[in-house]
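The next block holds one structure in the form of structure tokens; read it before the comments.
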């Protein structure tokens, strides 16, 4: 299929496919990567700006929220149960607050065909149990939501966003180097 535009310009279907899929995909990967890096940097700056005023208070795990995911590997059913503690604490002014932590743990459950329910770990093997005391970082200005007093809770989201952004940007740069001759050739066909 050939599209004639004006007198001298002829665009082939191959040119459109190369520009739309190749160039468009590379551009979208790069823009998504930049967006993720920006989100990570914004989160990191917000936490760093609030860090001097963060107060450490003691919280107590009141319940565990779970989310399950089932997988079948080599004919065996495996369940991954993601466990996130819900932590209750009191602010220095005496107000009661609760939050679900963004940091949790993964429990592997295996199911043999002869078992009715999946095998579980013993409670003492879990990192978070109901009634456990956990230090919490609390922002009196409430610019930063409460979180556990851990590096992963404080900087984990920003590092994850930035790392994901670097992966997307790196993939777009790699794709550009692989397909740049075809993309530049398609652009040259249009303008040349």
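Every residue in segment 118-138 that is surrounded by 17 or more Cβ atoms within 10 Å (Cβ to Cβ), at pLDDT 85 or above and over 13 Å from residue 103 (Cβ atoms), please.
138
Could you tell me which of the residues 83, 97 is closer than 30 Å to residue 60 by Cα, surrounded by 13 or more Cβ atoms within 10 Å (Cβ to Cβ), modelled with pLDDT of 90 or more and not assigned by TED's automatic domain parsing to the domain that holds residue 49? Outline the logic, then answer.
Working: 83 fails: modelled with pLDDT of 90 or more.
Among 83, 97, only 97 is closer than 30 Å to residue 60 by Cα, surrounded by 13 or more Cβ atoms within 10 Å (Cβ to Cβ), modelled with pLDDT of 90 or more and not assigned by TED's automatic domain parsing to the domain that holds residue 49.
The values are calculated or read from the model by the stated rules, or taken from the named source; none is laboratory data. Small disclaimer: the values here were computed from a predicted structure and weren't measured. Here Cβ is always computed from backbone atoms with ideal geometry, including for glycine, and neighbour counts include all displayed protein chains.
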